[in-house]
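J.: Would you mind keeping the following structure in view while I ask a few things?
The values are calculated or read from the model by the stated rules, or taken from the named source; none is laboratory data. Quick caveat, the model's predicted, so the values are computed rather than measured. Backbone-built Cβ (ideal geometry, glycine too); neighbour counts: all protein chains shown.
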Amino acid sequence: MKIVSGGATSNLDGNFTSVKIITDNIEYDNIYTFGPLFLGDYKNASEAWTGAVANGWILPAEHPFNGTQNVQETLAIIYWTVNLNNNTILDIGEHVQLAVAFARDDRPTSLEHVAWEVSTPKGAPLTVDRTIPNITNDIVDLG
């Protein structure tokens with residue numbers, strides 16, 4: 001995600017922003033309970049989830065890329081891939097990514113519809129709709 005040309009900055013702090021998720025089987029009003037990982041930027045989601053472990057948001061064993069257990073409840077993190085000033089405000093020129101870790105019983109299956117809605121204090125919510133492809137890996141990038 002990024003600010004469009006002529007758009008306003010947006011505060012991504014977990015106190016002001018929410019991420020709703022809807023699938024064929026679940027609906028959660030806010031799976032974004034921590035706030036963005038804003039100290040620096042991350043090259044990929046694996047590094048960002050490692051940051052979530054460092055912040056105590058998830059246990060090392062729950063790390064989606066290399067943990068041995070599942071997260072206890074479905075949750076989302078937002079992390080910077082381009083960060084210009086190390087704060088919770090998404091400014092023009094900065095880029096963030098949304099990453100979701102599903103609890104075991106919440107995982108969508110092949111061909112299931114998934115929708116995410118990111119609501120910030122300003123502007124309209126950003127909604128992303130996807131159909132889950134045939135899953136052949138543990139980690140799926142829905143771009």
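J.: Looking at (1) hydroxyl-bearing (Ser, Thr, Tyr); (2) within 25 Å of Asp129 (Cβ to Cβ); (3) more than 17 Å from the chain's Cα centre (by Cα), find the lone condition where Thr9 falls short.
T.: Of the numbered conditions (1) hydroxyl-bearing (Ser, Thr, Tyr); (2) within 25 Å of Asp129 (Cβ to Cβ); (3) more than 17 Å from the chain's Cα centre (by Cα), the odd one out for Thr9 is (2).
J.: I'd like the full set of residues that are among the aliphatic types (A, V, I, L, M) and in a loop (DSSP other than H, G, I, E, B), limited to segment 1-56.
T.: Of everything in segment 1-56, those that are among the aliphatic types (A, V, I, L, M) and in a loop (DSSP other than H, G, I, E, B) turn out to be Met1, Ile3, Val4, Ala8, Leu12, Ile26, Ile31, Leu39.
J.: Please find, within segment 2-32, the residue that is surrounded by the fewest Cβ atoms within 10 Å (Cβ to Cβ) out of those that are within 11 Å of Trp116 (Cβ to Cβ) and among the hydrophobic types (A, V, I, L, M, F, W, C).
T.: Ile22
J.: Taking Gly14, is it at pLDDT below 90 and under 15 Å from the mean Cα position of the chain (by Cα)?
T.: Yes, satisfied.
J.: Say whether the condition of being buried (at least 16 other Cβ atoms within 10 Å of the Cβ), within 18 Å of Pro125 (Cβ to Cβ) and touching a residue at least 40 places away in the same chain (Cβ under 8 Å) is met by at least one residue in segment 50-59.
T.: Checking segment 50-59: not a single residue is buried (at least 16 other Cβ atoms within 10 Å of the Cβ), within 18 Å of Pro125 (Cβ to Cβ) and touching a residue at least 40 places away in the same chain (Cβ under 8 Å).
J.: Filter segment 95-143 for residues that are small (Gly, Ala, Ser) and at pLDDT 90 or above and give the result.
T.: Ala99, Ala101, Ala103, Ala115, Ser119 - these are the residues of segment 95-143 that are small (Gly, Ala, Ser) and at pLDDT 90 or above.
J.: Residues in segment 89-110 that are over 12 Å from the mean Cα position of the chain (by Cα) and crowded, with 18+ Cβ neighbours inside 10 Å: how many?
T.: Of the residues in segment 89-110, 4 are over 12 Å from the mean Cα position of the chain (by Cα) and crowded, with 18+ Cβ neighbours inside 10 Å.
J.: Taking the criterion of being closer than 30 Å to His113 by Cβ, assigned to a loop (DSSP other than H, G, I, E, B) and not charged (D, E, K, R), would at least one residue in segment 73-92 satisfy it?
T.: Yes, segment 73-92 contains at least one residue that is closer than 30 Å to His113 by Cβ, assigned to a loop (DSSP other than H, G, I, E, B) and not charged (D, E, K, R).
J.: Residue by residue through segment 60-82, note down the ones that are surrounded by 17 or more Cβ atoms within 10 Å (Cβ to Cβ) and within 16 Å of Tyr32 (Cβ to Cβ).
T.: Pro64, Val71, Thr74, Leu75, Ala76, Ile77, Ile78, Tyr79, Trp80, listed by residue number.
J.: Let me ask you something else. When segment 60-81 is examined, which residues are found to be touching a residue at least 60 places away in the same chain (Cβ under 8 Å) and within 21 Å of Phe16 (Cα to Cα)?
T.: Ile78
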